[in-house]
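Here is the structure we will look at.
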Amino acid sequence: MNIDLFEAVDHYIDRLFVAPDLSLEAAIKAGLDAGLPQIQVSPGQGKLLYLLAKLCGAKRILEIGTLAGYSAIWMARALPKDGKLITLEFEKRHAGVAYDNFRRAGITDKAEIIIGPALDTLKKLRADNVPPFDMVFLDADKEGYKAYLEEVLHLVRPGSLILADNVIRAGGVLHPEKGDAMVKGSAAFNAALAADKRVDALILQQVGIKGHDGLAIAIVKDGAGKAA
Ligand code: SAH
Ligand code: DHB
Ligand code: MG
């Protein structure tokens, strides 16, 4: 493994395909200045989320784990004028930074932050019978991923796209018994996703400026989700 080379190639790809963007850069800086952890998706991963949202023609997107709103801004940019992104965050401070970032990016009409523990919010969205989401991005605590998946499957429709970040953890998921809570959570999620008859799924292994990790990609099958 040559991590330096993977990082250099990541920067090369970003230079070619990720146009400089003042509000995305300001979002990173605001997170840094507020002392938030710098664990947002990379620019290239943000562009991938944007492309996937466009590809599935998403009008309604759900994100679990807002942080400073960096990935949310990327996804909101892919929405049509009447589109909507709901992002869930339990740290009020993170949500505050994200809201300012949404304002700077001009997406407050499309993007809503719901503050609270994600599992509670997901259950409430289900009880409120909200319209199905076309795309869902899991990126909060990995220990919660498996439970989030179960709830999310009641908030989507056949054909919806479900994505989950950080599901490889530098290969830690090969030996979850030796790993931390994050590794165990991601490994449990991967096993549940693979076994779930309601989705068709795969993990995309990723290397680059965030090290070695992976993005799970799942499509909700016919007969599954809300509309079933
Ligand atoms: N998606 C963001 C990064 C999210 S980091 C981006 O790429 O820009 C993970 C976030 O999930 C953190 O802000 C953390 O506070 C939040 N989080 C962790 N556990 C949570 C929970 N149980 N409910 C809601 N949010 C949670
Ligand atoms: C880490 C990275 C992430 O993308 C995330 O969502 C949570 C944690 C990390 O590397 O610690
Ligand atoms: Mg992540």
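The values are calculated or read from the model by the stated rules, or taken from the named source; none is laboratory data. Remember, predicted model here, so these are calculated numbers, not experimental data. Cβ atoms come from the backbone with ideal geometry, glycine included; neighbour counts cover every protein chain shown. Keep in mind that these areas ignore ligands, DNA and RNA; they rest on the heavy atoms of the full protein, side chains included. Shrake-Rupley method; radii C 1.70, N 1.55, O 1.52, S 1.80 Å.
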Mind putting a number on the dipole of the stretch 83-228 about its Cα centre? Charges go on the C-beta only, +1 for Lys and Arg and -1 for Asp and Glu, and I need it in Debye to the nearest 20.
-> 120
Amide H proximity to Val136 below 5 Å, modelled H, separation 5+ or other chain, gives Leu62, Leu161, Ile162, Leu163
Kindly report the accessible area of the stretch 1-96 per residue (heavy atoms of protein chains, probe 1.4 Å, no ligands, DNA or RNA), in Å².
-> 52
Using a 1.4 angstrom probe on heavy atoms only, work out the carbon and sulfur share of the accessible area of the stretch 1-69 in %.
-> 66
Is the stretch 65-126 best put as rounded, prolate or oblate by its Cα gyration tensor, with a ≥ b ≥ c the root eigenvalues, rounded for a/c under 1.5, and otherwise prolate when a/b is larger than b/c, oblate when not?
-> oblate
Rounded to a whole %, the carbon-and-sulfur portion of the accessible area of the stretch 94-170 at a 1.4 Å probe is 50
Residue farthest toward the positive end of the dipole of the stretch 189-228, with Cβ of Lys/Arg at +1 and Asp/Glu at -1: which of Ile209, Gly223, Asn190?
-> Gly223
Largest fluctuation, Lys54, Lys81, Lys29 only, Gaussian network model of the chain with Cα springs under 10 angstrom, belongs to Lys81
Gyration tensor verdict on the chain (Cα atoms; rounded if a/c is under 1.5, prolate if a/b is larger than b/c, oblate otherwise) = rounded
Quick one, could you list the DSSP H helices from the chain stretching 30 Å or more along their long axis (Cα atoms) with average Kyte-Doolittle hydropathy of -0.5 or above?
-> none
Once the whole set of protein chains is in place, how much accessible area is left on Leu5, using a 1.4 Å probe, in Å² to the nearest 10?
-> 90
Say the cut-off is 32 Å between C-alpha atoms; which of Lys124/Lys184; Lys29/Lys221; Lys47/Lys221; Lys81/Lys226; Lys110/Lys142 go over it?
-> Lys29/Lys221
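Using a simple charge model, +1 on the beta-carbon of Lys and Arg, -1 on the beta-carbon of Asp and Glu, nothing else, what dipole does the stretch 89-167 show about its Cα centre, in debye to the nearest 20?
In total the dipole reaches around 140 debye.
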Treating only the Cβ atoms of Lys and Arg (+1) and Asp and Glu (-1) as charged, compute the dipole magnitude of the stretch 1-150 about its Cα centre; round to the nearest 20 debye.
-> 520
Show the residues, 5+ positions off or on another chain, whose built amide H is closer than 5 Å to the amide H of Thr87.
-> Glu63, Glu112, Ile113, Ile114
So for the stretch 20-129, Kirkwood radius off the Cα pairs, Stokes-Einstein at 10 °C and 1.306 mPa s: how many µm² s⁻¹?
-> 114
Please arrange Asp213, Asp120 by accessible surface area, largest first, computed with a 1.4 Å probe and ligands excluded.
-> Asp120, Asp213
Just by accessible area at a 1.4 angstrom probe, what is the order of Val167, Val130 from largest to smallest?
-> Val130, Val167
